[in-house]
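The values are calculated or read from the model by the stated rules, or taken from the named source; none is laboratory data. Source: prediction; values computed, not measured. Here Cβ is always computed from backbone atoms with ideal geometry, including for glycine, and neighbour counts include all displayed protein chains. Keep in mind that these areas ignore ligands, DNA and RNA; they rest on the heavy atoms of the full protein, side chains included. Shrake-Rupley method; radii C 1.70, N 1.55, O 1.52, S 1.80 Å.
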Amino acid sequence: MSNGNFYSTFEASVGRDPSAVVFELEDGRTVSRQWLHGQSGRYANALRELGCVAGDRVAVQLDKSAHVFALYLACLRAGLCYLPMNTAYKPAELAYLLQDAQPKAFFNDGESGEVADILPAATRPFSLGPKGEGTFAEAAAAASESFSTAGMREEDAAALLYTSGTTGRPKGAVLSHRALSYSARTLSDIWGFSSDDVLLHTLPIFHSHGLFIAFNVALASGARLLLRSKFDAANALRALSRSTVFMGVPTYYHRLLADPALSKDVCRSMRLFVSGSAPLSADVHREFEARTGHRILERYGSTEAMIICSNPLDGERRPGSVGLPIPGAELRIAGQSDEALPTGSIGVIQARGPGFFSEYWNKPDQTRAEFTADGYFRTGDLGRIDEEGYVTITGRAKDLIISGGYNVYPAEVEAVIDEMPSVRETAVVGGPHADFGECVVAFVIPADANRPPAAADVIQRVKSSLANYKVPKQVIVVDDLPRNTMGKVLKNELRASLLAASSGT
Ligand code: AMP
């Protein structure tokens, strides 16, 4: 029987071409398949010798480096559950996750403050620097590179990822080897990946986008990764001329557009730009095409669902739409009682497929609550499907504004305001209103900070396109919007600021 371990996909490719390059690092050095295989074997042996057994969690709060990827693969090979942690998390946030996950080992750079106080009793701390230095290197020094990859069932846990938690406490989504393998193979296939591809990797790797989408797809297809520690527009523009694919969050595309160096010439070797993790405005889509000749391929997914929808590689890529369900995924728009709504209606997006998470770690009640009786996951997103199957996201269920009993979907109002040339980006939320309960409030970033749009013009613009109850009662011009590390606007912070202002605190 074949091994369900996701690592076996890569292992087979090492045998075929050991010297093939997996990473090209920032300083130009390259890392081969053989190195990654050997180093992950060494780390897997070290983890085993340190007492980690199948199913144990290994928490990792480290910046991107070839060694961290080797550690991730070591966990898969040894049957351990890899738990990446946001490098921006402060001890109080870490403490919650560590208590919840009870990992056997915790890795950081050894320089990020004292963690001893927050570690659970059974968790051993290690440091691992970008060149492989640190206390783990000492433990790994004597370990052999030769390691027999653990035989896993497809349903066995491979990773634990905490949802980014823009609302409420983070929950750990358990992802199986099947979820990783299916997603990597399917996306590699539908996005046309091959070993000729060079993927410019600027995303963080503590999130599904940078790790399971970008890295795993490259691993499954044999593509080379140009590793950059973080996104920087000028740096990315220099690397684009040697790349074929780029994956980013919408904020990256905004920043690329803001750089005058973005041109058709800079993108001459590129074949594909992918965007996800947050809504890409139709304006940015069009502007990017005008500047580069490329139509960004927008796709939609989440920590729990990996990827649900994608615009097609060949076929129409629609601005403002996240495309069609990927092969194997099923999606429906549901009403209050989980009933499927007719085409064109707005409702909650429910979906299922082989790439989905198995459960929330240690939270059987929440797992049950998030799945319907027939196994669909309640994504928490609102959307609609058109006649041709294209899906459009209209907001988060929790972002829904109810004003005077009428439902307002923020994305609809945002799209109208975003069309104004004087506006760069908009975030619409519900503010307190004595009469209506909630009212529509628009936070607007001007295209030109010296010439912000007048509130009256924004209001007029919405009035001319949408029903009165959707018209903002207030327009607040801001320099920037609060965001999480994936560029998602933290609407709860915007709502909190409105509440504080109304209560005079
Ligand atoms: P995360 O779990 O951090 O990946 O966040 C998942 C959420 O991001 C989804 O449930 C959506 O609300 C949002 N999201 C992801 N991709 C898109 C997209 N292309 N357009 C709009 N929202 C998106």
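Okay, residues lined up against (1) farther than 21 Å from ARG255 by Cα; (2) open to solvent by 40 Å² or more (accessible area, probe 1.4 Å); (3) within 16 Å of the ligand (Cβ to nearest atom):
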site	(1), (2), (3)
ASN407	yes, yes, no
VAL429	yes, no, yes
ASN450	no, yes, no
VAL471	yes, no, no
MET486	no, no, yes
LEU498	yes, no, no
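Provide a single number: the residues in the range 281-320 that are of a type outside the set (S, T, N, Q), part of a loop (DSSP other than H, G, I, E, B) and either open to solvent by 10 Å² or more (accessible area, probe 1.4 Å) or free of Cβ contacts under 8 Å to residues at least 40 places away in the same chain (or both).
Of the residues in the range 281-320, 13 are of a type outside the set (S, T, N, Q), part of a loop (DSSP other than H, G, I, E, B) and either open to solvent by 10 Å² or more (accessible area, probe 1.4 Å) or free of Cβ contacts under 8 Å to residues at least 40 places away in the same chain (or both).
Can you confirm whether the range 228-248 contains a residue that is away from the ligand (no atom under 16 Å from the Cβ), of a type in the set (A, V, I, L, M, F, W, C) and not in a helix (DSSP H, G or I)?
Taking every residue of the range 228-248 in turn, at least one turns out to be away from the ligand (no atom under 16 Å from the Cβ), of a type in the set (A, V, I, L, M, F, W, C) and not in a helix (DSSP H, G or I).
To keep it simple, each residue is scored yes or no on (1) part of a loop (DSSP other than H, G, I, E, B); (2) among the hydroxyl-bearing types (Ser, Thr, Tyr); (3) surrounded by 15 or more Cβ atoms within 10 Å (Cβ to Cβ); (4) in contact with a Gly (Cβ under 8 Å, 6 or more places away or on another chain).
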{"site": "VAL440", "(1), (2), (3), (4)": "no, no, yes, yes"}
{"site": "ALA456", "(1), (2), (3), (4)": "no, no, no, no"}
{"site": "GLN460", "(1), (2), (3), (4)": "no, no, no, no"}
{"site": "VAL475", "(1), (2), (3), (4)": "no, no, yes, no"}
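So which pairs qualify, if the first residue must be in the range 450-464 and assigned by TED's automatic domain parsing to the domain that holds ALA415, the second must be surrounded by 12 or more Cβ atoms within 10 Å (Cβ to Cβ) and in a helix (DSSP H, G or I), the Cβ gap must be under 8 Å, and the two must be at least 6 apart or on different chains?
Between residues of the range 450-464 that are assigned by TED's automatic domain parsing to the domain that holds ALA415 and residues that are surrounded by 12 or more Cβ atoms within 10 Å (Cβ to Cβ) and in a helix (DSSP H, G or I), the close pairs are VAL458/ILE417; ARG461/VAL416; ARG461/ILE417; VAL462/VAL413; VAL462/VAL416; VAL462/ILE417; VAL462/LYS470.
Which residues, counting only those in the range 333-368, are open to solvent by 30 Å² or more (accessible area, probe 1.4 Å), within 16 Å of the ligand (Cβ to nearest atom), free of Cβ contacts under 8 Å to residues at least 60 places away in the same chain and more than 23 Å from TYR409 (Cα to Cα)?
Selection gives ARG352 alone.
Within the range 133-164, how many residues are assigned to a loop (DSSP other than H, G, I, E, B) and either without any contact (Cβ under 8 Å) to a residue 60 or more places away in the chain or open to solvent by less than 10 Å² (accessible area, probe 1.4 Å) (or both)?
Matching residues across the range 133-164 total 6.
Every residue in the range 260-280 that is in a strand (DSSP E or B) and near the ligand (Cβ under 9 Å from one of its atoms), please.
Passing the criteria: only SER275.
Out of LEU256, LEU225, report the one residue that is away from the ligand (no atom under 16 Å from the Cβ) and assigned to a strand (DSSP E or B).
LEU225
Of all residues in the range 290-304, count the ones that are within 15 Å of the ligand (Cβ to nearest atom) and out of contact with any helix residue (DSSP H, G or I) (no Cβ under 9 Å at 6 or more places or on another chain).
2
Can you confirm whether the range 76-88 contains a residue that is outside any loop (DSSP other than H, G, I, E, B), free of Cβ contacts under 8 Å to residues at least 60 places away in the same chain and in contact with a strand residue (DSSP E or B) (Cβ under 7 Å, 6 or more places away or on another chain)?
No; the residues of the range 76-88 include none that is outside any loop (DSSP other than H, G, I, E, B), free of Cβ contacts under 8 Å to residues at least 60 places away in the same chain and in contact with a strand residue (DSSP E or B) (Cβ under 7 Å, 6 or more places away or on another chain).
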